[in-house]
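Engineer: I am attaching a structure below and will ask some questions about it afterwards.
Laboratory data are not the source of any read-out in this text; all were calculated from the coordinates shown. Quantities reported herein were computed from a predicted structural model and do not represent experimental measurements. Using ideal geometry, Cβ is built from the backbone for each residue, glycine included, and neighbour counts are taken over all protein chains shown.
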Amino acid sequence: MSVENFFSKEEKKQITDAIAEAEKNTSGEIRLHMEGHCTIDVLDRAAYIFGKLKMLETAQRNGVLFYLAVHDHKFAILGDAGINQLVPANFWDEIKETMLAYFKEGKFTDGLAKGILMAGEQLKANFPFHKDDVDELMNEISFDKNI
Ligand code: CA
Ligand code: CA
């Protein structure tokens, strides 16, 4: 099964809606990238994708990538330098744990949506939304073949 068909159209919408909702709280830019397999260290792979998706180009360096290799059950949340220098190292831990609890029950869509919304809420403190905020990175899910 192609990774693009892992989620139904409705499930994809639930996820992109969650990103849009999260970005109402924060100037941070959230993206989800999905692929089937990840044969290297998941954070290395997420960092590579981060660059490929031009996520290093946000004005405040506050992009956040949710990365999921669905068949290999690998998952990472990666924030850009602007975030890392302001938040503690364990900033994503609670979100990750919450999401993994959903994933273990097979609830991938709900887990991703929940984690994305949590990220928006947590980022609000350091990167609040401003009325003149622009959507610097599109909210659509990206897949391996787009890279
Ligand atoms: Ca924005
Ligand atoms: Ca966006």
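Engineer: Compute the distance in nm between two label points, each set 7 Å from the Cα along the Cα-to-Cβ direction, one at Lys24 and one at Phe129.
Structural biologist: It works out to 0.6 nm between the two label points.
Engineer: Hey, how many Å between the Cα centroid of the range 66-98 and the Cα centroid of the range 5-36?
Structural biologist: Cα centroid to Cα centroid, the span is 15 Å.
Engineer: For the range 47-144, what does the convex hull of the Cα positions come to per residue, in cubic angstrom?
Structural biologist: It comes to 107 Å³ per residue, whole-number rounded.
Engineer: Return the distance in nm (one decimal) between the two label points of a simple spin-label model at Glu94 and Ala81, each offset 7 Å from Cα along Cα→Cβ.
Structural biologist: Between Glu94 and Ala81, the label points sit 2.8 nm apart.
Engineer: Restricting to Cα atoms and excluding each atom paired with itself, what does the Kirkwood estimate give for the range 31-79 in Å?
Structural biologist: 10.8 Å
Engineer: State which entries of Lys52/Lys74; Lys114/Lys145; Lys24/Lys145; Lys107/Lys131 exceed 24 angstrom in Cα-Cα distance in the structure shown. Can you show the working numbers first?
Structural biologist: Details: Lys52/Lys74 19 Å; Lys114/Lys145 26 Å; Lys24/Lys145 29 Å; Lys107/Lys131 34 Å.
Cα-Cα > 24 Å for Lys114/Lys145; Lys24/Lys145; Lys107/Lys131; rest within.
Engineer: Taking springs between alpha-carbon atoms closer than 10 angstrom, which of Ala89, Ala119, Ala18 fluctuates most in the Gaussian network model of the chain?
Structural biologist: Fluctuation is largest for Ala89.
Engineer: Evaluate the distance, in nm, between pseudo-label points positioned 7 Å from the Cα of Asp144 and of Ala59 along their respective Cα→Cβ axes.
Structural biologist: Roughly 3.6 nm, to one decimal.
Engineer: I'd like the orientation of helix 108-123 relative to the chain: the angle between its Cα long axis and the longest Cα principal axis, in ° from 0 to 90, rounded to 10.
Structural biologist: With both axes taken from Cα atoms, the answer is about 10 degrees.
Engineer: So which GluC sites (Glu not before Pro) in the range 69-115 are both in a DSSP loop and have at most 12 other Cβ atoms within 10 Å of their Cβ? All intermediate terms of the calculation are to be shown ahead of the outcome.
Structural biologist: Values: sites: Glu94, Glu97, Glu105; in loops: Glu105.
Those that pass, being in a loop and sparsely packed, are Glu105.
Engineer: Ranked by Cβ crowding within 10 angstrom, fewest neighbours first, how are Lys13, Lys114 ordered? Before the final figure, lay out each step's value.
Structural biologist: On the way: Lys13 12, Lys114 17.
Listing Lys13, Lys114 from fewest to most nearby Cβ atoms yields Lys13, Lys114.
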